[in-house]
């Protein structure tokens with residue numbers, strides 16, 4: 001919230017209002033939301049969380065490279081519908097609270113990605129799996 005909050009405040013108060021509320025304007029907001037805005041938010045998240053945990057920029061870069069694609073795919077599974085409803089049915093004064101409701105849920109997922117998820121290539125086998133591999137090879 002410390003980093004992404006000001007960024008999203010700027011987007012919702014200074015960028016999105018520049019687009020009309022017609023179908024083309026809504027389409028442009030959706031495209032912007034699901035490309036540049038989402039990517040930047042995810043980049044900020046994976047840059048600053050490792051730093052706040054005491055890591056380095058190199059660790060941030062590695063975490064972004066490992067997890068960004070998976071996160072963007074999940075983002076595209078949730079946010080297009082949320083934003084379509086937001087841009088077409090929700091009055092402008094309620095758009096940020098509406099989005100924050102879904103952001104709360106998505107932040108649970110982001111926390112999972114940041115603190116629990118390990119890409120399959122990086123997961124080390126458990127002691128049991130290692131023992132099973134050795135016994136089956138014999």
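Might you let me know whether the range 114-136 holds any residue that is on the phi < 0 side of the Ramachandran plot, loosely packed, with under 12 Cβ neighbours inside 10 Å, part of a loop (DSSP other than H, G, I, E, B) and modelled with pLDDT of 85 or more? The answer is no, given that none of the residues of the range 114-136 is on the phi < 0 side of the Ramachandran plot, loosely packed, with under 12 Cβ neighbours inside 10 Å, part of a loop (DSSP other than H, G, I, E, B) and modelled with pLDDT of 85 or more. Against the conditions (1) in a helix (DSSP H, G or I); (2) surrounded by fewer than 16 Cβ atoms within 10 Å (Cβ to Cβ), residue 55 satisfies every one except (1).
Does residue 96 count as closer than 21 Å to residue 12 by Cβ, modelled with pLDDT under 90 and surrounded by 15 or more Cβ atoms within 10 Å (Cβ to Cβ)? For residue 96, the condition - closer than 21 Å to residue 12 by Cβ, modelled with pLDDT under 90 and surrounded by 15 or more Cβ atoms within 10 Å (Cβ to Cβ) - is met.
Here residue 63 clears all of (1) over 21 Å from residue 99 (Cα atoms); (2) surrounded by fewer than 17 Cβ atoms within 10 Å (Cβ to Cβ) except the condition numbered (2).
Within the range 73-90, one or more residues are surrounded by 12 or more Cβ atoms within 10 Å (Cβ to Cβ), at pLDDT 90 or above and outside any helix (DSSP H, G or I). Can you tell me which residue in the range 1-28 is farthest from residue 107 (Cα to Cα), limited to those that are outside any helix (DSSP H, G or I) and modelled with pLDDT under 85? Taking the candidates together, the pick is 21.
The values are calculated or read from the model by the stated rules, or taken from the named source; none is laboratory data. Quick caveat, the model's predicted, so the values are computed rather than measured. Quick reminder, even Gly has a Cβ in these numbers, built from the backbone with ideal geometry, and neighbours come from all protein chains shown.
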